[in-house]
Amino acid sequence: MNQILFCNKKIKKNLIFIYTFFLLTLSIFISFSIYFISSVIKQKNNNNFSIYLSQKININNIYLNSNFQSSSNSLIIGTIEIPNLNIKYPVFSYYSDNLMKIGPCRLYGSISHTASNLCIIAHNYNNSQFFSQLYKLENNDQIKVQNNSGITLYYYVYNKYEVPYYDTSCTNQETYGRKELTLITCTNYNNKRLIIKAKSL
């Protein structure tokens, strides 16, 4: 009789363990599925918005608009060119949601010979626009920044990493007399930002 009771208890314990394990596995699967589906939806929305931009906004015409011609008070303060990615864009003098839709924006720093950490931010639309291809950059790749006075600074990549979206340490303006460049964009897959650090030799 005791053996039967003992066996029944053991079976109940095993059933409870199996049931708990099944529920835990099921909850992990459901959580992963929800995360995966939401990531796919977000990716699709980003791609759709990118297509919308390319169809509705003629970026080249906006850049050539007479209101954006170089001047000391221009909305555009210079250009950024990354030869290895075959991109060249004007840089807007400040950041706003609307300006971010049509090009890179200066976040902090100076676009001149003065020592500073020039921080430029742009969208990643998972195509060839703006900073979508920054992840391809490697150490020693060249980045050219030219201001409206025609002065060109040559920066060379020395670091590439990701940070949480709330981490702004990369924009620190203490450069110890060096001219630095920080490019910032979203990763679009893990709620982080991709940071490219470069310095002028």
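The values are calculated or read from the model by the stated rules, or taken from the named source; none is laboratory data. Predicted, not measured: the structure shown is a model, and the values here were computed from it. Cβ coordinates were reconstructed from backbone atoms using ideal geometry, including for glycine residues, and neighbour counts include every protein chain displayed.
Name the residue that is farthest from ASN191 (Cα to Cα), counting only residues in region 161-176 that are polar (S, T, N, Q) and part of a loop (DSSP other than H, G, I, E, B).
Kept after step one, since they are polar (S, T, N, Q), are these residues of region 161-176: 168-169, 171-173, 175.
Checking the rest, the ones that are also part of a loop (DSSP other than H, G, I, E, B) come to 168, 172-173, 175.
Values: THR168: 14, ASN172: 21, GLN173: 25, THR175: 28 Å.
By that ranking, first place goes to THR175.
Out of region 84-99, which residues are touching a residue at least 24 places away in the same chain (Cβ under 8 Å) and part of a strand (DSSP E or B)?
Once the filter is applied, which keeps residues that are touching a residue at least 24 places away in the same chain (Cβ under 8 Å) and part of a strand (DSSP E or B), region 84-99 yields ILE87, TYR89, PRO90, VAL91.
Could you grab me the full set of residues in region 79-94 that are touching a Leu at 6+ places or on another chain (Cβ under 8 Å) and farther than 18 Å from ILE196 by Cα?
PHE92, SER93, listed by residue number.
If I ask for residues that are touching a residue at least 24 places away in the same chain (Cβ under 8 Å) and either hydrophobic (A, V, I, L, M, F, W, C) or assigned to a loop (DSSP other than H, G, I, E, B) (or both), which ones from region 100-113 would you list? Give the derivation first.
Pass one, region 100-113, residues touching a residue at least 24 places away in the same chain (Cβ under 8 Å): 101-104, 106-109, 111-113.
Hits for region 100-113 are LYS101, ILE102, GLY103, PRO104, LEU107, GLY109, ILE111, SER112, HIS113.
Quick one: PRO104 ticks every box in (1) surrounded by 18 or more Cβ atoms within 10 Å (Cβ to Cβ); (2) modelled with pLDDT of 90 or more; (3) out of contact with any Phe, Trp or Tyr (no Cβ under 6 Å at 6 or more places or on another chain) except a single one, so which number is it?
(3)
Could you pull out the residue among LYS160, LYS179, LYS192 that is surrounded by 12 or more Cβ atoms within 10 Å (Cβ to Cβ), among the charged types (D, E, K, R), out of contact with any Cys (no Cβ under 6 Å at 6 or more places or on another chain) and within 14 Å of ASP141 (Cα to Cα)?
Working: LYS179 fails: within 14 Å of ASP141 (Cα to Cα); LYS192 fails: within 14 Å of ASP141 (Cα to Cα).
Matching residue, one of LYS160, LYS179, LYS192: LYS160.
Could you go through region 62-70 and let me know if any residue there is within 18 Å of VAL145 (Cβ to Cβ), modelled with pLDDT under 60 and assigned to a helix (DSSP H, G or I).
Going residue by residue through region 62-70, those that are within 18 Å of VAL145 (Cβ to Cβ) are 63, 68, 70.
Filter once more, keeping what is modelled with pLDDT under 60: 63, 68, 70.
After this cut, where a residue has to be assigned to a helix (DSSP H, G or I) as well, the list is 63, 68.
Yes, region 62-70 has at least one match.
If a residue must be closer than 15 Å to ILE195 by Cβ, touching a residue at least 24 places away in the same chain (Cβ under 8 Å) and either among the acidic types (Asp, Glu) or assigned to a loop (DSSP other than H, G, I, E, B) (or both), how many such residues does region 139-160 contain?
The number of residues fulfilling the criteria is 1.
Out of (1) in a loop (DSSP other than H, G, I, E, B); (2) more than 27 Å from ASN190 (Cα to Cα), what's the single condition that is false for ASN127?
ASN127 satisfies all of (1) in a loop (DSSP other than H, G, I, E, B); (2) more than 27 Å from ASN190 (Cα to Cα) except (2).
Looking at LYS199, LYS160, LYS179, which one is in contact with a Phe, Trp or Tyr (Cβ under 7 Å, 6 or more places away or on another chain) and among the charged types (D, E, K, R)? Full working, then the answer.
Details: LYS160 fails: in contact with a Phe, Trp or Tyr (Cβ under 7 Å, 6 or more places away or on another chain); LYS179 fails: in contact with a Phe, Trp or Tyr (Cβ under 7 Å, 6 or more places away or on another chain).
Only one candidate passes the filter, namely LYS199.
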